[in-house]
Amino acid sequence: MNAIDVLTQVVEVLIAIAVAPLYLGWVNQCRAWLQNRNAPPLLQTYRLIRKLLHKDAVLATHASPIFRGVPYVLFGTMVLVAAIIPTISVDLPFGRVADAIALVGLFATARVAIALAAMDIGTAFGSLGARREMLIGFLAEPALLMVFFTTSLLVGSTALPATVAALVQHELAIYPSLAFAAVAFLMVLLAENARIPIDNPATHLELTMIHEAMVLEYSARHLALIEWASALKLFNYACIGFALFVPWGIAGGDAPVTALLPATVLLAAKLLVAGSGLALIETVSAKLRIFRAPEFLATAFLLAVLGMLIRLLLGS
Amino acid sequence: MNPLPLSSQLINLLAALLLLLSFAMLAQRRIALLVQLLALQGLVLFISTVVVAIRADQHHLYYSAALTLMLKVIVLPWILYRLIRRLHVQWDIETLVKIPTTMLLGLMLVVFAFGLAQPISALAVTVTRSTLGIALAVVLLAFLMMITRRKAIAQVIGFLAMENGLFFAATSATYGMPMVVELGVALDVLVGVLVLGIFLFHIREQFDSLDLQHLESLKER
């Protein structure tokens, strides 16, 4: 571990923190265009966060320290996750410490934290949202783990940097198992980030909301942190997807520092394409009933397991 | 990681697609889409047969590929489509088991089939031997579909999917059956579907529905 690695690590985390709201803004803008609406400005998420940071926080009378602490836990976890994922370089001091399974654990920590906070106040909406979030989470987690296992079987290591390094180096080949895993991962991404087939964070309809029901009681700086953390979560998921399925352009193990610049440019291009693709998926699909969500996630799990089985049997 | 030759990769990809289509059929609720999926499965089968024929340089496989294209991609789906239009059953499928449960059952079947095929494919010498497990899994999934569906027409489709799986098994294990056998099977399937179509009309005439539960109440007088 030398100074350049540490610097890369810091730059990468800073990029993640700074760009995540922009990415969310881009997805929202694309979605608005596709739905023939007037698009919100690209920087809308930043404006929202700034507005919220200027307000005074209101806390419920019965709020315990858990309620106040959770936004920071949430934000901290997402920053830590951003530090583990190789987005522009595989030489990450953090990436060597934690592997993909720890990553899933970090996401689970964030989920448990926000569910606890939602139940802390004791409103009906909060517990409803927490219950639904736990239902989605417990179904999405095995699918996500299976996706990671499929890619690790291909490489022989669960560490994300090792996976990326191995995938970048070898020549282009058709991997059905990776295709299965990619589709499963996309489904998990949609479910975990409260995107449309499962949840729609833009509405305040109590019949449908999951994520929004949990954060109804938050205001001001707490809400700002939560919004920022969910933007970061979407960004992180997108970057995991890039690392596993389109890793080209990420600077390899012994690449010079100058390789970081094209890697960053390529990351921006990938984010642009992925954001518009995500908006397209959200536009063409209808929101599922909550009781259809298990079916959706069971399909994701099935695809991930099929990917792994095909990897084991065909070796491809 | 040593990359396989391109044709093997392609065959593996097509085999994976075949398995995926089987699962899509298992999960599908609408009969009209089920027929389309069956046609798609036939198309994948056709492409994989052509690839195997090129790779293994087996000329008789071209004929069976052409037969597949004609029969399974064009004629049979067309007949089935006409049938469901005439019977007005484009939409409804009644499953006996809930769909997520069916999918998990299917997953277990796939694991079983892969385990079963491993020693057999270790003995085979063809280039496509590793896809034998998938062929077996497709057959078993088609069985599962026939078991869990209540409507007669979905069971017919399950029967055809099973035939697809058997055909794939034949190409992957031994580069296809002899031409006489293949022609016979193709004719059998065609006639079978025609006869089943007539059966379906009779079932409907008798019970005003295609639900096979009504058949259980039949008694000898």
Task: Mean separation of Cα contacts under 8 Å, 6 or more apart, over the residue count of the stretch B:13-85: relative contact order % - done: 35 percent
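For residue B:161, what is the net charge nearby, where nearby means another residue's Cβ is under 12 Å from its Cβ and Lys, Arg count +1, Asp, Glu -1? Display every interim value, and only then the final one.
Values: positive: B:72, B:149; negative: B:163.
Once positives and negatives cancel, what remains is +1.
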Task: Crossing angle, helix B:152-174 versus chain B [Cα axis fit, 0-90 degrees, rounded to tens] - done: 10 degrees
Open item on the list: Let's see if you can work this out: charge +1 on each Lys and Arg Cβ, -1 on each Asp and Glu Cβ, no other charges. What is the dipole magnitude of the protein assembly as shown about its Cα centre, in debye to the nearest 20?
Closed with: 920 debye
Open item on the list: Quick query: amide H of residue A:219 versus all other amide H atoms, modeled in the peptide plane; which residues come in under 5 Å with a sequence gap of 5 or more or a different chain?
Closed with: A:58
- [ ] Would you list which lysines come within 24 Å of residue B:219, measuring only between C-alpha atoms, while excluding same-chain residues fewer than 8 positions from it?
- [x] B:151
- [ ] Shielding by partners for A:297-307, please: the mean number of other protein chain Cβ atoms within 10 Å of each residue's Cβ.
- [x] 4
Task: Among A:55-68, B:57-70, A:298-311, A:129-142, the order from most to least packed when residues are scored by Cβ within 10 Å on average - done: A:298-311, A:129-142, B:57-70, A:55-68
TODO: May I ask which residue of B:142, A:257, B:167 lies farthest towards the positive end of the charge dipole of the protein assembly as shown, with charges of +1 (Lys, Arg) and -1 (Asp, Glu) on Cβ and the Cα centre as origin?
DONE: B:142
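Hey, got a sec? Which chymotrypsin sites (Phe, Trp or Tyr not before Pro) in the stretch A:210-288 land in a DSSP loop and have at most 13 other Cβ atoms within 10 Å?
Sites meeting the loop and neighbour criteria: A:248.
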- [ ] Compute the Rg/Rh shape ratio of the stretch B:100-221: radius of gyration over Kirkwood radius, all on alpha-carbon atoms.
- [x] 1.08
Open item on the list: For chain A, compute Rg over Rh where Rg is the Cα radius of gyration and Rh is the Kirkwood radius from the inverse mean 1/r over Cα pairs.
Closed with: 0.96
Task: Estimated FRET transfer efficiency (residue A:54, residue A:10; beta-carbon r; R0 35 Å; 0.05) - done: 0.80
- [ ] Read phi for every residue in the stretch B:54-63 and hand back ³J(HN,Hα) as whole Hz from Karplus 6.51 cos²θ - 1.76 cosθ + 1.60, θ = phi - 60°, with x for Gly and Pro.
- [x] 5, 5, 8, 6, 10, 6, 5, 5, 4, 5
TODO: Please check which bits of the stretch B:132-173 a label hung off residue B:198 would reach, taking the label as a point 7 Å along Cα-to-C-beta and the cut-off as backbone N under 14 Å.
DONE: none
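To the nearest 0.05, what FRET efficiency results for residue A:283 and residue A:131 with a Förster distance of 22 Å applied to their C-beta separation?
Numbers: r = 29 Å, r/R0 = 1.31.
According to the calculation, E is roughly 0.15.
Carbon and sulfur atoms: what percent of the 1.4 Å accessible area of chain A do they account for? Kindly include the intermediate steps, with their values, before the conclusion.
On the way: 9160 of 13310 Å².
Answer for chain A: carbon and sulfur cover 69 percent of the accessible area.
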- [ ] Identify, among A:43, A:143, A:65, the residue whose Cα sits farthest towards the positive end of the charge dipole of chain A, taking +1 on the Cβ of Lys and Arg and -1 on the Cβ of Asp and Glu, with the dipole about the Cα centre.
- [x] A:43
Open item on the list: So with the 1.4 Å probe, I'd like the accessible area per residue for the stretch A:27-131, rounded to whole Å².
Closed with: 50 Å²
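Could you state how much accessible area is buried at the B-A interface, both sides summed, with a 1.4 Å probe, in Å² to the nearest 100?
The summed interface area works out to 2200 Å².
I'd like the Kirkwood hydrodynamic radius of chain B, using the inverse of the mean 1/r over distinct C-alpha pairs, in Å.
It works out to 18.1 Å.
Take the Cβ-Cβ distance between residue A:292 and residue A:2 as r, set R0 to 45 Å, and report the resulting FRET efficiency rounded to the nearest 0.05. Before the final figure, lay out the partial values.
On the way: r = 51 Å, r/R0 = 1.13.
In this case the efficiency is close to 0.30.
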TODO: Under a cut-off of 17 Å between alpha-carbon atoms, report the lysines in cross-link reach of residue A:270, not counting same-chain residues fewer than 8 places apart.
DONE: A:233
Open item on the list: Give me the tail of P(r) for the protein assembly as shown as a percent: Cα-Cα pairs with distance above 37 Å.
Closed with: 41 percent
- [ ] Take each complete run of DSSP H in chain A, measure how far its Cα atoms stretch along the helix's own axis, and keep only those covering 15 Å or more with mean Kyte-Doolittle hydropathy at least -0.5; list them.
- [x] A:3-34, A:65-84, A:100-120, A:124-155, A:176-192, A:220-245, A:260-284, A:293-314
Task: Rough spin-label spacing in nm, given labels placed 7 Å along Cα→Cβ, for residue B:111 and residue B:219 - done: 4.5 nm
Open item on the list: Please check the stretch B:27-60 for residues whose accessible area, probe 1.4 Å, is lower by 40 Å² or more when all protein chains are in place than in their chain alone.
Closed with: B:29
TODO: Name the residues whose placed amide hydrogens come within less than 5 Å of the amide hydrogen of residue A:251, ignoring near sequence neighbours (fewer than 5 apart) on the same chain.
DONE: A:89, A:90
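Looking only at other chains, what is the average number of their beta-carbon atoms within 10 angstrom of each beta-carbon in B:5-16? Walk me through the numbers before you get to the answer.
Values: counts 0, 2, 0, 4, 6, 1, 2, 9, 7, 1, 5, 13.
For peptide B:5-16, the averaged partner shielding equals 4.
Just counting partner chain Cβ atoms within 10 Å, what average do the residues of peptide B:107-120 show around their Cβ? Can you show the working numbers first?
Values: counts 6, 0, 0, 6, 3, 0, 2, 5, 1, 0, 1, 2, 0, 0.
That average works out to 2.
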Task: Cα→Cβ-extended label distance, 7 Å offset, between residue B:101 and residue B:62, nm - done: 5.1 nm
Open item on the list: Translational diffusion coefficient of the stretch A:28-119 at 25 °C, 0.890 mPa s, Stokes-Einstein with Kirkwood Rh over Cα pairs, in µm²/s as a whole number.
Closed with: 150 µm²/s
Task: Inter-label distance for residue A:18 and residue A:36, nm, one decimal - labels placed 7 Å from Cα along Cα-to-Cβ - done: 3.9 nm
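The values are calculated or read from the model by the stated rules, or taken from the named source; none is laboratory data. Everything numeric in this text was worked out from a predicted model, so none of it was measured. For neighbour counting, all protein chains shown are included, and Cβ atoms are generated from backbone atoms with ideal geometry for every residue, glycine included. Ligands, DNA and RNA are excluded from the accessible area calculation, which covers all protein heavy atoms including side chains. Shrake-Rupley method; radii C 1.70, N 1.55, O 1.52, S 1.80 Å.
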